[in-house]
Protein chains: 6
Amino acid sequence: MKPETTTAIANREVKKGDVLSVARVAGIQAAKRTSDMIPLCHPLLIGAVSINFELGDDFVEIEAQVDTVDRTGVEMEALHACSTAALTVYDMCKSADRAMVIGELTLWEKTGGRSGTYRRFVEDEAVETQQPVEEV
Amino acid sequence: MKPETTTAIANREVKKGDVLSVARVAGIQAAKRTSDMIPLCHPLLIGAVSINFELGDDFVEIEAQVDTVDRTGVEMEALHACSTAALTVYDMCKSADRAMVIGELTLWEKTGGRSGTYRRFVEDEAVETQQPVEEV
Amino acid sequence: MKPETTTAIANREVKKGDVLSVARVAGIQAAKRTSDMIPLCHPLLIGAVSINFELGDDFVEIEAQVDTVDRTGVEMEALHACSTAALTVYDMCKSADRAMVIGELTLWEKTGGRSGTYRRFVEDEAVETQQPVEEV
Amino acid sequence: MKPETTTAIANREVKKGDVLSVARVAGIQAAKRTSDMIPLCHPLLIGAVSINFELGDDFVEIEAQVDTVDRTGVEMEALHACSTAALTVYDMCKSADRAMVIGELTLWEKTGGRSGTYRRFVEDEAVETQQPVEEV
Amino acid sequence: MKPETTTAIANREVKKGDVLSVARVAGIQAAKRTSDMIPLCHPLLIGAVSINFELGDDFVEIEAQVDTVDRTGVEMEALHACSTAALTVYDMCKSADRAMVIGELTLWEKTGGRSGTYRRFVEDEAVETQQPVEEV
Amino acid sequence: MKPETTTAIANREVKKGDVLSVARVAGIQAAKRTSDMIPLCHPLLIGAVSINFELGDDFVEIEAQVDTVDRTGVEMEALHACSTAALTVYDMCKSADRAMVIGELTLWEKTGGRSGTYRRFVEDEAVETQQPVEEV
């Protein structure tokens, strides 16, 4: 991602609108419709969804957190939210920066449920705690 | 992705079903519904969609190709198809391999349209020509 | 709304079909898909939905009632049902009466839930009790 | 609508997020999915959609403009966009201001198409020209 | 289908509502969303849809007609409309008549398009001309 | 259905792809979205869905089984899954065999729920036990 692109996003100067704001709504909507798009995902009633963005020099980091009281995990909902938010960022910036890459989408942490708590590497978690959190 | 996972996919031994077959359908359906999920995408009538998979030792490479005769580009449809197919692979294999990463989603080539032809680096294209193509 | 329009609706003479019958189905379907359309609405499982119409001289009054046993309120579902039913009436009558206005959509009564019972002004409620109720 | 509510919207202090930004996305998405919700609406490919808001002391005025090159009118798409944007404003502000009323949804101007140009009363149009236009 | 069931449908006495009216709306909506449900169906813009019902002693005959100016056939849209209308009839009558069978769904006639005109057996067509046509 | 068609399906030689595999995904997706398509169906959270196919000489038999822990029956979900899977088979084979008929869709067995167990005729059940079951 070009530094000009992240600067334009930060300054809300992208011609198609406020990128992070639109991407957040897209991510929330996607979380709710995950079982529509992923064939073997169970439909479930998600509770809170939050999508957080961190703007780097040449990247946008996206983190989604999804809660449920349902009988099954919601990691697919969180991944689908991130993925759709990232595609929305791409779509809104692509006329100025066609070579953007969407990368490294993965599960970070899962708690509760039958399969117990899962956490990715500790050094990554250190990065996570530095993220500003905007609650929707 | 663990080598055991790609082996299980190749041998159609994943418990949830034939992974690539389900992922292909998911990708095609996603291509058709891109403007439902990406807020500022124009609705358009896509023509042919093909989703191709290459199984590596520890990865699945996914390539989507979308055609249209409409007045606008379909790169978002192709990216959305790849992304949804990848999430479907993740979903079907996640109980055995939770640490999978979905990565490096990007536009490879775009032809036609007002903005002319776009191609990513030449050395990548060499890889592309080695892919087996399964037409849907 | 022109008196001719309400007369045509009452006599089932509108060319596009039986207006209230189609509007009722549209309202019920809309209630079920509220969280698809309103970004920050939680998905929930609604129970009974009833949409009732009262034909006046120059207006159609629409009332929706939605029940749920879920953990959250369903006023958005009821408002979405009314709004979609009203747009359906507009759509089916617009070729003869383009100047129709859809107005005064509001919450009438809410019972149960954490926030307790809410009721709009008492004098309005008197009108409500005169409505014929067609249960779907 | 309480003056406190419009002030909170203007200052982006509503707890659920940036109200007008979310409502704009909801309106655009709704315009694209009108034929899904209104039974006798034809599906069509809409072009540009813009949703504009004017904040008054105790109201939010919403105006949607939809273009198409298709064979039929898009007034239902514009009305559906306004209606969904208004419901989104209601949803995001309802915990603080339950008595809000959504009102006076109507067609303002339609140009092109077989049925020719339609304009609502001239004095209303004067108001329209004072609206700040935020293009999406 | 029990004769009591068709009588109840004809007299609009089914408890869940006016069966044919709801089934007609369901069929029209289904025609518009065919490519959402049938994976390899191309999305296309359908024009007029009409769903016609003939009530027999112990059956409801459903016929759908779909027009398009698009580049491809709409037989799947017509079959999907019939199928969904039939399921709606089943759903609304099932509490009184659980043993109903939905049967003999097939393409009757197709005109235009690259593959030319197709017509099913002539003796069946004789039946078709006796159907009352209710245009939506 | 022509014997050539069932042979082509069995040998995975149909030009549009692996028919039963695509039809299974279509059926599962349809089960999840039943209340979107059938107006008076309640939305509910389905659990496991399995779609099984038996290839005869000149027919494909489709059986869907749907489980739920919800408060209401899921027979509409099972019928919708079968119906959509059958339409998918039709769609993928129609260029070679336009005269196919989709027939005899009915409820086979329902257990649990307020209305008790329902079973269709015993002689049919004998056939059922011979079906190969492919679990998704």
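The values are calculated or read from the model by the stated rules, or taken from the named source; none is laboratory data. Here the structure is a predicted model, which means the values were calculated and not measured. Methodologically, a virtual Cβ is constructed for each residue, glycine included, from the backbone with ideal geometry; neighbour enumeration extends over all protein chains shown.
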Notebook entry, point to check: Mind checking which residues of segment A:24-35 are within 20 Å of residue A:92 (Cβ to Cβ) and more than 14 Å from chain D (Cβ to nearest Cβ)?
Noted result: A:31
Notebook entry, point to check: From the list E:69, E:101, which residue is over 30 Å from residue E:13 (Cβ atoms) and modelled with pLDDT under 95?
Noted result: E:69
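Residue-by-condition table, conditions (1) in contact with a Lys or Arg (Cβ under 6 Å, 6 or more places away or on another chain); (2) of a type outside the set (Phe, Trp, Tyr); (3) under 15 Å from residue F:88 (Cα atoms):
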site	(1), (2), (3)
E:38	no, yes, yes
E:49	no, yes, no
E:79	no, yes, yes
E:84	no, yes, yes
E:92	yes, yes, no
Check: So residue E:77 clears everything in (1) among the charged types (D, E, K, R); (2) over 17 Å from the mean Cα position of the chain (by Cα); (3) more than 14 Å from chain C (Cβ to nearest Cβ); (4) in a helix (DSSP H, G or I) except one condition, right? Which one?
Finding: (2)
Checklist line | segment C:1-57, residues that are assigned to a helix (DSSP H, G or I), without any contact (Cβ under 8 Å) to a residue 40 or more places away in the chain, β-branched (Val, Ile, Thr) and buried (at least 19 other Cβ atoms within 10 Å of the Cβ) | finding: C:25
Next item on the list: Being at the interface with chain C (Cβ under 10 Å from one of its Cβ atoms) and either more than 13 Å from the chain's Cα centre (by Cα) or in a helix (DSSP H, G or I) (or both) is the filter here, so list the residues in segment D:90-114 that pass it.
Entry: D:90, D:91, D:92, D:94, D:95, D:98, D:99, D:100, D:101, D:110
Next item on the list: Considering only residues that are out of contact with any Phe, Trp or Tyr (no Cβ under 9 Å at 6 or more places or on another chain) and not hydroxyl-bearing (Ser, Thr, Tyr), look in segment E:109-124 and name the one that is modelled with the lowest pLDDT.
Entry: E:123
Notebook entry, point to check: So residue C:77 clears everything in (1) closer than 30 Å to residue A:47 by Cβ; (2) at pLDDT below 85 except one condition, right? Which one?
Noted result: (2)
Note to self: One residue is enough: does segment F:59-69 have a residue meeting the conditions closer than 21 Å to residue E:34 by Cα, touching a His at 6+ places or on another chain (Cβ under 9 Å) and part of a helix (DSSP H, G or I)?
What the structure shows: no
Next item on the list: Identify the single condition in (1) within 10 Å of another protein chain (Cβ to nearest Cβ); (2) farther than 30 Å from residue D:71 by Cβ that residue E:38 does not satisfy, given that it satisfies every other one.
Entry: (2)
Next item on the list: Evaluate segment E:40-54: report whether one residue or more is closer than 26 Å to residue C:27 by Cβ, of a type in the set (Ser, Thr, Tyr) and in contact with a strand residue (DSSP E or B) (Cβ under 6 Å, 6 or more places away or on another chain).
Entry: yes
Note to self: Just checking, does segment C:31-38 include any residue being among the hydrophobic types (A, V, I, L, M, F, W, C), modelled with pLDDT of 95 or more, touching an Asp or Glu at 6+ places or on another chain (Cβ under 9 Å) and farther than 24 Å from residue E:22 by Cβ?
What the structure shows: yes
Notebook entry, point to check: Taking segment C:41-65 only, how many residues are of a type in the set (Phe, Trp, Tyr) and either within 14 Å of chain E (Cβ to nearest Cβ) or touching a Pro at 6+ places or on another chain (Cβ under 8 Å) (or both)?
Noted result: 1
